[in-house]
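The values are calculated or read from the model by the stated rules, or taken from the named source; none is laboratory data. Remember, predicted model here, so these are calculated numbers, not experimental data. Neighbour counts run over all protein chains shown; Cβ positions are idealised from the backbone, glycine included. Note: accessible area is taken over every heavy atom of the protein model, side chains too, but ligands, DNA and RNA are not part of it. Shrake-Rupley method; radii C 1.70, N 1.55, O 1.52, S 1.80 Å.
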Amino acid sequence: MKTRTLRKDKVNIITLGCSKNVVDSEVLSGQLKANDINVVHESKKSDHNIVVINTCGFIDKAKEESINTILDHVELKKKGRLDKVYVTGCLTERYRQNLEEEIPEVDAWFGTMELPLILKRFEADYKAELVGERLLSTPGHYAYMKISEGCNRTCSFCAIPLMRGQHVSKPVEQLVAEAEGLVRRGVKEIMLIAQELTYYGLDIYKKRELPRLLHALADVKGLEWIRLHYAYPSKFPLEIIDAIKERPNICNYLDMPLQHSSDKMLKAMRRQITKAEMDDLIGEIRNRIPGICLRTTLIAGFPGETAEDVEDMKGFLQQHRFDRVGIFTYSHEEGTSAYALEDNIPYEEKERRAQEVMEVQQEISYEKNQEKVDKIFKVLVDKKEAGRYLGRTEFDSVEVDNEVIITTSRKLTPGEFVNVKITSAYDYDLEGTVVEDGQA
């Protein structure tokens, strides 16, 4: 008898793509653990015999990474180092038939909404009473919370509705219970995520109810920071800004992807908003909360984009001086309405345009960070790395924004809040010293 048959299964879950996938993987892990199955996230060890790869199918680079990860693990299976390779997530949802034909060594493929079917493979039951329970893959002091699934928007470049379906909100009560559970486990910061936050509630309450949800979450005792990601600018409910202003534990931070500034491009992208309307919205948000941190994302190289459109985008950044900006190069995605357009800008040119726009933002970011020198900020300690502590202000989200390099003589704990006086500032990072009560 081979000794392998006596070994208990151990499952390693690998997550690719966005924070929404992170939550899905955490929910799967929680369900497996509740069924007494040994499960780990992103294990670097080779003591597991089953792998579940949660894939991204959003743009070319993400698809390539997903396929390479699958092929690497199929190779390990061929060498006898894995028993099973399962694949789930957005890539499967979009390309299941092709994938099944091209990579037959994968034991099973699952779409984005097939959690019960994955569990069936492990002879495990979906436990409905575990709604909101997850095995966190993030450090214990922060977590993502998905408030809805899917998207009803019709942006011409975006494949998300193909993979995630129509918008479905979770009830307020369920999300509050989920937040309370996370806080009991030591979570201090919750990042609200969705394909589109501002649409929240329209399906189940017949009106936009993100402000109501924010007030309910702000009442959760022990929840120190609530952060908003992915708010759509068209028909933006300004009551959201009022809620941020009124509740001290909602971070003065808003991630609002605008994608472009040129009216011609906004129309081609089907963004349902004009440049003038975006100007007014940004002005009103900053008028209501002068110190708010605004993050946005932009796309370079959409079909038909001209040098003038790129100059428009650079001027838009200089006008509004966003605190944080991410820029993507356009990816020509089958199934989207933009796929009918000619992808007429070479990849190198898209990259050059993106770089040009980011250089404008880099200067703005440096200047904005210089303004923070000698000021004191509340900082959440995230980790200790290479002998130094790293943390974030309320104006910075995990992985995508600034970090604060913290100097102190005392021992700090991840999840602890400290007051830090900024001593130096760079393009995308800050340095500072912990100040104790009474110090200036």
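Restricting to the stretch 101-117, name every residue that is aliphatic (A, V, I, L, M) and either in a loop (DSSP other than H, G, I, E, B) or open to solvent by less than 60 Å² (accessible area, probe 1.4 Å) (or both).
Ile103, Val106, Ala108, Met113, Leu115
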Inset, instruction - Test each condition in (1) assigned to a strand (DSSP E or B); (2) closer than 15 Å to Trp225 by Cβ; (3) modelled with pLDDT under 95 for Lys384 and report the one that comes out false. - result: (2)
Legend entry - Single residue of Gly57, Gly132, Gly140, Gly150 found to be more than 29 Å from Leu266 (Cβ to Cβ), at pLDDT below 90 and touching a Gly at 6+ places or on another chain (Cβ under 9 Å): Gly132
Inset, instruction - Any residue in the stretch 359-379 that's touching a residue at least 24 places away in the same chain (Cβ under 8 Å): show its pairings with residues that are part of a helix (DSSP H, G or I) at Cβ separation under 6 Å, as long as the two are six or more apart or on different chains. - result: Val360/Lys314; Val360/Leu317; Gln361/Leu317
Inset, instruction - Could you look through the stretch 18-46, keep only residues that are in a loop (DSSP other than H, G, I, E, B) and touching a strand residue (DSSP E or B) at 6+ places or on another chain (Cβ under 7 Å), and pick out the one that is modelled with the highest pLDDT? - result: Ile37
Legend entry - Residue within the stretch 340-355 that is touching a residue at least 24 places away in the same chain (Cβ under 8 Å), under 21 Å from the mean Cα position of the chain (by Cα) and open to solvent by less than 30 Å² (accessible area, probe 1.4 Å) present: yes
Inset, instruction - Would you mind telling me which numbered condition in (1) surrounded by fewer than 20 Cβ atoms within 10 Å (Cβ to Cβ); (2) within 29 Å of Ser234 (Cα to Cα) Glu133 fails? - result: (2)
Legend entry - Checking Arg212 against (1) modelled with pLDDT of 95 or more; (2) among the charged types (D, E, K, R); (3) open to solvent by less than 50 Å² (accessible area, probe 1.4 Å), the condition it does not meet: (3)
Legend entry - Residue that is farthest from Glu333 (Cα to Cα) [pool: residues in the stretch 42-66 that are surrounded by fewer than 17 Cβ atoms within 10 Å (Cβ to Cβ) and in contact with a Leu (Cβ under 9 Å, 6 or more places away or on another chain)]: Ser46
Inset, instruction - Any chance you could count how many residues in the stretch 396-422 are part of a loop (DSSP other than H, G, I, E, B), among the β-branched types (Val, Ile, Thr) and at pLDDT 90 or above? - result: 3
Inset, instruction - Among the residues of the stretch 358-382, count how many are buried (at least 20 other Cβ atoms within 10 Å of the Cβ) and closer than 28 Å to Cys56 by Cα. - result: 2
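Yes or no, residue by residue, for (1) surrounded by fewer than 13 Cβ atoms within 10 Å (Cβ to Cβ); (2) not in a helix (DSSP H, G or I):
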residue: Gly80; (1), (2): yes, yes
residue: Thr88; (1), (2): no, yes
residue: Arg96; (1), (2): no, no
residue: Ala124; (1), (2): no, yes
Legend entry - Scan of the stretch 342-379 for residues that are of a type in the set (Lys, Arg) and not in a helix (DSSP H, G or I), ordered by number: Lys372, Lys375, Lys378
Inset, instruction - Scan the stretch 132-153 for residues that are among the polar types (S, T, N, Q) and out of contact with any Ser or Thr (no Cβ under 7 Å at 6 or more places or on another chain) and jot them down. - result: Thr138, Asn152
Legend entry - Unique match (being aliphatic (A, V, I, L, M), surrounded by fewer than 20 Cβ atoms within 10 Å (Cβ to Cβ), under 21 Å from Arg134 (Cα atoms) and touching a residue at least 40 places away in the same chain (Cβ under 8 Å)) among Val176, Val168: Val176
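Among the candidates Leu115, Leu119, Leu82, single out the residue that is hydrophobic (A, V, I, L, M, F, W, C) and free of Cβ contacts under 8 Å to residues at least 60 places away in the same chain.
One residue alone meets the criteria, Leu82.
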Legend entry - Any hit, the stretch 130-149, residues being within 30 Å of Lys79 (Cβ to Cβ), in contact (Cβ under 8 Å) with a residue 24 or more places away in the chain and of a type in the set (Lys, Arg): no
Inset, instruction - Look through the stretch 397-434, keep the residues that are more than 26 Å from the chain's Cα centre (by Cα) and either open to solvent by less than 50 Å² (accessible area, probe 1.4 Å) or of a type in the set (Phe, Trp, Tyr) (or both), and return whichever of them is farthest from Glu224 (Cα to Cα). - result: Ser424
